[in-house]
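Report on one structure; see the data block that follows.
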Amino acid sequence: METVVSGIRSTGNLHLGNYIGAVKNFVQMQNEYNCFFFIADYHSLTTHPNPANLHSSVRQVLVEYLAAGIDPEKSTIYIQSDVPEVTELYLLLNMNAYLGELQRATSFKDKVRANPNNVNAGLLTYPTLMAADILLHRATKVPVGKDQEQHLEMTRTFGNRFNNMYGTEYFPESYAFNFGSKLIKVPGLDGKGKMGKSEGEGNAVFLADSPEVIRKKVMRALTDNGPTEPNSKKPDYIQNLFDLMKMVSTKDTVKHFDEAWKNCNIRYGDLKKQLAEDMITFLTPVRQKIEAISADETYLRQVARHGAAKARESAQKTIQDVREIIGIKRF
Ligand code: TYM
């Protein structure tokens, strides 16, 4: 059976982009593959969260994984820092990761541009830690959104480089995966780019948002006076609303508004109202489960401990093999 690994950083609540780009696939994959889903708390340290926030974010992602339908009986759910073996593999992979390629990573360049005062080594070596997460369980499939594609390419580079250096085929190649075949980018509500936590207030719809909050966020999305010529191309901020609609609404709804667009009689107020209601319907089952699971501390502890034990077993086996391959031997 193929092995699957994926993770999400503990940087706050999960949003619709995390859910559609990643978590929905996790839930589907657990029935067919040997799955490891973790909470990337080490990765989230690049932005220096305060200790109380870090812990509550880790807890929130755990709750939301479970609420979305990841089943601890089918998948191994764990917190990255509960499996310290990942740090050893990270260190070993860093020996073969070159400054130039790390600096060229798009995510690194974006972070440097966004926050030039915090260009730390953790940020630079983010892709080697991510490769360590994946190679630790020798996974072949990694369900992620479009923004992570380059990190998967780098993971293959690091794994193959290790294999070539030591004359082994120990690490398999892993590929970004989505059931719908094409990797997904869920647009945000600000009309610019992808939905993301750090893209500004109101851009992201969170799984835990109340219907009221969702309505407010959607109604505030940028629109204009409407098309002036039939069948014209939609500007990006309007296309984004249609793309979101394709993800949460029925085909008939999308068709209805698309035709209204083409005929120049679209009413954006109606479109946004409909989009908000369809998002609410889409997210309500998850939100209700978030509330229930969040209250059950004993269950959360049990899931985290059980997952950590299972993940460590797999990780320890890899580390033992890797040490052997490299020539790190016990006296
Ligand atoms: P993170 O925490 O930024 O995002 C978690 C997952 O959500 C997806 N995602 C999106 N998908 C579609 N549209 C969007 N707007 C959108 N925003 C986020 C991301 O693609 C991702 O799948 N580096 C990873 C965490 C990580 C990881 C790993 C993933 C660490 N180690 C090993 C896989 C395997 C990250 O920053 O995700």
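Counting Lys and Arg as +1 and Asp and Glu as -1 over every other residue whose Cβ lies under 13 Å from the Cβ of Leu14, the net charge comes to +4.
Against the chain, whose longest principal axis is taken from its Cα atoms, helix 251-262 shows a tilt of about 60°. Peptides 247-255, 145-153, 293-301 ordered by packing proxy, namely the average of other Cβ atoms within 10 Å per residue, highest first: 145-153, 247-255, 293-301. Between His306 and Ala121, the FRET efficiency from the beta-carbon distance, with R0 = 41 Å, is close to 0.80.
Just the number: Rg to Rh for the chain, Cα atoms, Kirkwood Rh, two decimals.
Result for the chain is an Rg/Rh of 1.01.
Each 5 Å bin from 0 upward holds the following percent of the Cα-Cα pairs of the range 211-291: 3, 15, 26, 25, 16, 8, 4, 2, 1, 0. Close amide H pairs (under 5 Å, H built 1.01 Å from N) link Gly193 with Gly188, residues at least 5 positions away or on another chain. What spacing in nm lies between the two simple spin-label points modelled at Arg113 and Thr140, each 7 Å away from Cα in the Cβ direction? For Arg113 paired with Thr140, the spin-label model returns 3.7 nm.
Could you list, bin by bin from short to long, the percent of Cα-Cα pairs of the range 1-121 in 10 Å steps? With a bin width of 10 Å, the distribution comes to 12, 36, 37, 15, 1.
Where the only charges are on Cβ atoms (+1 Lys, Arg; -1 Asp, Glu), what is the dipole of the range 9-154 about its Cα centre, to the nearest 20 debye?
The dipole magnitude comes to about 380 debye.
Compute the acute angle (0 to 90°) between the alpha-carbon long axis of helix 236-248 and the principal axis of greatest extent of the alpha-carbon atoms of the chain; round to the nearest 10°. Around 70 degrees separate the two axes.
With the cut-off at under 17 Å, measuring from each backbone N in the range 298-331 to a point 7 Å along the Cα-to-Cβ line of Tyr170 picks out 313-331. Using C-alpha pairs under 8 Å with a sequence gap of at least 6, the mean separation divided by the residue count of the chain gives a relative contact order of 23 percent. Listing Lys182, Lys317, Lys109 from fewest to most neighbouring C-beta atoms within 10 Å gives Lys182, Lys109, Lys317. The charge dipole of the chain, taken about its Cα centre with unit charges on the Cβ atoms of Lys, Arg (+1), Asp and Glu (-1) only, comes to about 340 debye.
Where does the chain land at 222 nm, in deg cm²/dmol rounded to the nearest 500, when only DSSP H runs of n ≥ 4 count, each adding -39500 (n - 2.57), divided by all residues? Dividing the helical sum by the residues of the chain leaves -16500 deg cm²/dmol. Considering the dipole of the chain built from charges on the beta carbon (Lys and Arg +1, Asp and Glu -1) around the Cα centre, which of Phe171, Gly226, Ser249 is farthest to its positive end? Positive-end residue among those listed: Gly226.
Of Ser81, Ser10, the sequence from fewest to most neighbouring Cβ atoms within 10 angstrom is Ser81, Ser10.
Computed from the coordinates by the stated procedures, all read-outs in this text should not be read as laboratory data. Fair warning: this is a prediction, and the values are worked out from it, not measured in the lab. Note that each Cβ is placed from the backbone with ideal geometry, even for glycine, and that neighbours are counted across all protein chains shown.
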